Amino acid sequence: MLWVRPPATPAPPHAGARATWVTPGEELCEEVGFLRGHGTYVKDGMLVAAVAGVVERVNKLVSVRPYNARYGGEVGDVVVCRVVDVGAKRWKVDVNARQKGVLLLSSINLPGGEQRRRTAEDQLNMRQFYVEHDVLSAEVQTFFADGAMSLHTRSLKYGKLGCGTLVTVAPSLVRRAKQHFHTFDFGVATIFGMNGFIWVGIATALSPKADAMDVGSTRDGGIGEEAQESDASFHVRERTCRVCNAIVLLDRFFMPVAAAPVHALYEKSIEAGMSPWDMLLPENAILLADGLRASGVLGVRVADE
Amino acid sequence: MARASATAPSSARPGRHEFLSPEGLRADGRRQAEIRRFICKLETTDGRADGAAFVAQGNTHVAAAVHGPQDPSGSTRKMAHDRAIIVCELAMAPFAMGEWNPRGPSDRMLTEIAAMVEAVFEPLVLTHLYPGSQIVIQLRVAQVDGGLRCACVNAATLALIDAGVAMRDYACACTVGHVQGTLLLDVSAVEDGAGAELSVAYLPKVQRIALTHLSAAIPADELGEMLDLAIGGCKQVYDALDGHVREHMRLVAAGYGGSNAGF
């Protein structure tokens, strides 16, 4: 039967006990003396939850964070996005948000780090930078009045991504961290985009900042863009697949997606003698997930924060 | 006998069929004010939809998926600049009603129910929070055994909650049948075919009725009683839905959630 949850892995009763979980329509507190935050609305002088999730209080601000939602975005977030449209002065990108993100022509680095105004000629040459279906890493720069987010790639960290795979997970699983770019010691580089888009590519000999501001360089940042197909040996591809499947597994079990749990799953799957394509078989996935929970790598649960 | 003038299918044997035994039990063993087996399931991180849910009310099975709030690109509808628009797409399996009956997208019954679902959720969702976007509710009906509208509303509610869309309240729906002078909660197709069916969508926390739909004429003085019974049924549905959402959140918080966690 499709809908029966197998009883194999019951959750501990104390899980999430410290957090207050609410569902839509549930009254939170009186409106007087509190500020209405996201995920709430006012009804008859009471603050009421509008989404199912966990209550968060910052001083007087009361908000409810849904357990699953589209990416909301904050200025400074690292995101991975896909170009869907090339406009006159801007690229429209899919950032897994309510509206398409915007990457202005003036918000990218020109080849060689040249600093100048963008000319009409640059506008005509936009397709030489990014075209539809290109995957980029970028940072949220600001928000427009209509709520759409404006991105920029004006750092050598950001730019077009190549020779790798895009894995999408629930955005709520990616937590804000000091470092969203992570290169594993086994030669796989990942970008944990805050919007739930995770890039998994091969770590090339060129570190992102190798030819920092060389005039004449055609690089504009990014990972793996110069890597050739031939750089990706069978073993590198296999490792990439293993990391991808580790991320898919974390998403399926709704566990935090970060470097540490991915690395732990990578190691555990090798220890267990699983090939990358075996990792997501039901019995193996449950085995790996149980092992990950027991290992304590997941640390403090999101719910307990 | 206050039988309504509904045209009953031949299978229902009106007038001869006992719908409530002397012991107060119905054909399937339920009491008068008892809903059928209610099964629901949230399917977070389906990977394609933002939210997904499955609802089975007895043998009426509906799956729902919510896409959005998203850019209204590719939509045939106009967008509103100050709020989100809600679009419901309903499809039914050709075998859902018992006999093979393929229904196209312009089928009258399907478009009517889809419009009804939109009308229920348009005021319920806090659409002003998502200006210039659209929320698509896709409903897929696998089998129908009475109470299709209600199962659609319940499935859509769950899928919207799963998608993290801000809503004022749950919309819980349940039917009441008026069969041979007796009122029966959450009627199956056989009971429904023998009389009139009242579908009610209720907002349990706001305490308002969001929708009523009556399939045939009934004596006017019995409407109040039917509504009371239906609201009681909606509260039973609410308990089931809310209980499941809370259980799902508990599993999610413990790292046991996700649609495929159990595979």
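The values are calculated or read from the model by the stated rules, or taken from the named source; none is laboratory data. Note that the structure is predicted; figures quoted are calculated from it, not measured. Note that we place each Cβ from the backbone using ideal geometry, even for glycine, and neighbour counts take in every protein chain shown. Keep in mind that these areas ignore ligands, DNA and RNA; they rest on the heavy atoms of the full protein, side chains included. Shrake-Rupley method; radii C 1.70, N 1.55, O 1.52, S 1.80 Å.
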Self-check item: Hits in the stretch A:246-262 - residues which are open to solvent by 10 Å² or more (accessible area, probe 1.4 Å) and in contact with a strand residue (DSSP E or B) (Cβ under 9 Å, 6 or more places away or on another chain)
Solution: A:V248, A:D251, A:A258, A:A259
Quiz item: In this structure, is B:S133 surrounded by 18 or more Cβ atoms within 10 Å (Cβ to Cβ) and small (G, A, S)?
Solution: yes
Quiz item: What are the pairs, 6+ residues apart or on separate chains, where a residue within the stretch A:245-258 that is at negative phi and assigned to a loop (DSSP other than H, G, I, E, B) has its Cβ under 8 Å from a residue that is among the hydroxyl-bearing types (S, T, Y) and open to solvent by 30 Å² or more (accessible area, probe 1.4 Å)?
Solution: A:F253/B:Y256
Self-check item: Complete set of residues in the stretch A:112-134 that are assigned to a helix (DSSP H, G or I) and touching a residue at least 40 places away in the same chain (Cβ under 8 Å)
Solution: A:G112, A:G113, A:M126, A:R127, A:F129
Quiz item: Restricting the stretch A:42-65 to residues that are within 11 Å of another protein chain (Cβ to nearest Cβ) and surrounded by fewer than 17 Cβ atoms within 10 Å (Cβ to Cβ), which is farthest from B:E43 (Cα to Cα)?
Solution: A:D44
Practice problem: Pull up the stretch B:55-109, narrow it to residues that are at pLDDT 85 or above and of a type in the set (S, T, N, Q), then point me to the one that is surrounded by the fewest Cβ atoms within 10 Å (Cβ to Cβ). | Solution: B:S106
Practice problem: Please work out if A:L35 is open to solvent by 20 Å² or more (accessible area, probe 1.4 Å) and in contact with a Lys or Arg (Cβ under 9 Å, 6 or more places away or on another chain). | Solution: yes
Self-check item: Hits in the stretch A:91-131 - residues which are open to solvent by 10 Å² or more (accessible area, probe 1.4 Å), in contact with an Asp or Glu (Cβ under 7 Å, 6 or more places away or on another chain) and under 27 Å from A:G196 (Cα atoms)
Solution: A:K92, A:Q99, A:K100, A:N109
Quiz item: Taking the stretch A:21-32 as the search range and keeping residues that are open to solvent by 30 Å² or more (accessible area, probe 1.4 Å) and more than 11 Å from every other protein chain (Cβ to nearest Cβ), which one is farthest from B:L158 (Cα to Cα)?
Solution: A:V32
Quiz item: Which strands (runs of 3 or more DSSP E) does the stretch B:95-190 wholly contain that include 3 or more residues that are hydrophobic (A, V, I, L, M, F, W, C) and under 11 Å from the mean Cα position of the chain (by Cα)?
Solution: B:172-179
Exercise. Tell me which residues, restricted to the stretch B:78-94, are in a loop (DSSP other than H, G, I, E, B) and in contact (Cβ under 8 Å) with a residue 12 or more places away in the chain.
Key: B:M79, B:A80, B:H81, B:D82, B:R83, B:A84, B:A93
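Going through the stretch B:201-220 one residue at a time, which ones are in a strand (DSSP E or B) and either buried (at least 19 other Cβ atoms within 10 Å of the Cβ) or under 16 Å from the mean Cα position of the chain (by Cα) (or both)? Walk me through how you get there before you give the answer.
Within the stretch B:201-220, the subset in a strand (DSSP E or B) is B:201-203, B:208-214.
Answer for the stretch B:201-220, where residues must be in a strand (DSSP E or B) and either buried (at least 19 other Cβ atoms within 10 Å of the Cβ) or under 16 Å from the mean Cα position of the chain (by Cα) (or both): B:A201, B:Y202, B:L203, B:I209, B:A210, B:L211, B:T212, B:H213, B:L214.
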Practice problem: Check off (1) open to solvent by 40 Å² or more (accessible area, probe 1.4 Å); (2) modelled with pLDDT under 85; (3) under 23 Å from B:C174 (Cα atoms); (4) among the small types (G, A, S) for B:A8 and give me the number that stays unchecked. | Solution: (1)
Quiz item: Do you know which residues across the stretch B:223-238 are within 17 Å of the chain's Cα centre (by Cα) and among the aliphatic types (A, V, I, L, M)?
Solution: B:L227, B:L229, B:A230, B:I231, B:V237
Quiz item: Applying the selection to the stretch B:156-184, what residues are under 30 Å from B:E23 (Cβ atoms) and surrounded by 24 or more Cβ atoms within 10 Å (Cβ to Cβ)?
Solution: B:C172, B:A173, B:C174, B:T175, B:V176, B:G177, B:H178, B:V179, B:L184
Practice problem: Tell me which of these B:V153 doesn't satisfy, since it passes every other one: (1) open to solvent by 10 Å² or more (accessible area, probe 1.4 Å); (2) away from chain A (no Cβ under 11 Å); (3) at pLDDT 95 or above. | Solution: (1)
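For the stretch A:139-163, which residues satisfy the criterion of being at positive phi and small (G, A, S)? Give the steps one after another, and end with the answer.
Pass one, the stretch A:139-163, residues at positive phi: A:147, A:159, A:163.
If the condition is that a residue be at positive phi and small (G, A, S), then A:G147, A:G159 are the ones that fit.
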Practice problem: Out of the residues in the stretch B:33-52 that are at pLDDT 90 or above and more than 10 Å from chain A (Cβ to nearest Cβ), state the one that is nearest to B:V136 (Cα to Cα). | Solution: B:A52
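Do you know which residues across the stretch A:66-82 are under 20 Å from A:D146 (Cβ atoms), open to solvent by less than 40 Å² (accessible area, probe 1.4 Å) and either among the polar types (S, T, N, Q) or away from chain B (no Cβ under 14 Å) (or both)? First the steps, then the outcome.
Let us first name the residues in the stretch A:66-82 that are under 20 Å from A:D146 (Cβ atoms), namely A:69-75, A:77, A:79, A:81.
Those still in the list that are open to solvent by less than 40 Å² (accessible area, probe 1.4 Å) too: A:69, A:71, A:73, A:77, A:79, A:81.
Result: A:D77, A:V79.
For the condition free of Cβ contacts under 8 Å to residues at least 40 places away in the same chain, part of a helix (DSSP H, G or I) and of a type outside the set (D, E), what is the one hit in B:L229, B:L223, B:L198, B:L241?
Values: B:L229 fails: free of Cβ contacts under 8 Å to residues at least 40 places away in the same chain; B:L198 fails: part of a helix (DSSP H, G or I); B:L241 fails: free of Cβ contacts under 8 Å to residues at least 40 places away in the same chain.
Sole residue among the options that is free of Cβ contacts under 8 Å to residues at least 40 places away in the same chain, part of a helix (DSSP H, G or I) and of a type outside the set (D, E): B:L223.
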